[in-house]
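To start, the structure itself, in C-alpha cells.
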Amino acid sequence: MLNYTLSTDQLIELQKAHRQTQNKREADRIKAVVLLATGWTAEQVA
C-alpha cells in the first residue's frame with residue numbers, strides 16, 4: 001500500500017484549500033487526500 005504522509009503544514013494548507021474551494025469535486029478530492037494522510041484506509045475513504 002502507498003504511504004500517505006504529509007507534514008502538519010501540508011495538512012493545514014490542504015484543509016484551508018478545502019474550506020475555500022467552490023468546486024465540490026475539487027473539495028472531495030482534497031478531503032480524500034487529507035483523510036488518507038490522517039490514517040484512513042483507501043476503502044474507508046471510498
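The values are calculated or read from the model by the stated rules, or taken from the named source; none is laboratory data. Since this is a predicted model, take the numbers as computed values, not measurements. Note: ideal-geometry Cβ built from the backbone for every residue, glycine included; neighbour counts use all protein chains shown. Heads up: the accessible areas ignore ligands, DNA and RNA and are worked out on the full protein's heavy atoms, side chains in. Shrake-Rupley method; radii C 1.70, N 1.55, O 1.52, S 1.80 Å.
Here the gap between Glu26 and Thr8, fully extended at 0.36 nm per residue and compared with their Cα-Cα distance, gives a gain of 4.4 nm.
With every protein chain present, what is the per residue accessible area of the chain (1.4 Å probe, Å²)?
I get 85 Å² per residue for this part.
Given +1 at the Cβ of Lys and Arg, -1 at the Cβ of Asp and Glu and no other charges, the dipole of the chain around its Cα centre is 200 debye to the nearest 20.
Hey, any idea what % of the chain's accessible area is carbon plus sulfur with a 1.4 Å probe? Carbon and sulfur atoms account for 51 percent of the accessible area of the chain. Which of rounded, prolate, oblate describes the chain, given a ≥ b ≥ c as roots of the alpha-carbon gyration tensor eigenvalues and a/c under 1.5 marking rounded, otherwise prolate only if a/b is larger than b/c? It is oblate, given that a/c is not under 1.5 and a/b is not larger than b/c.
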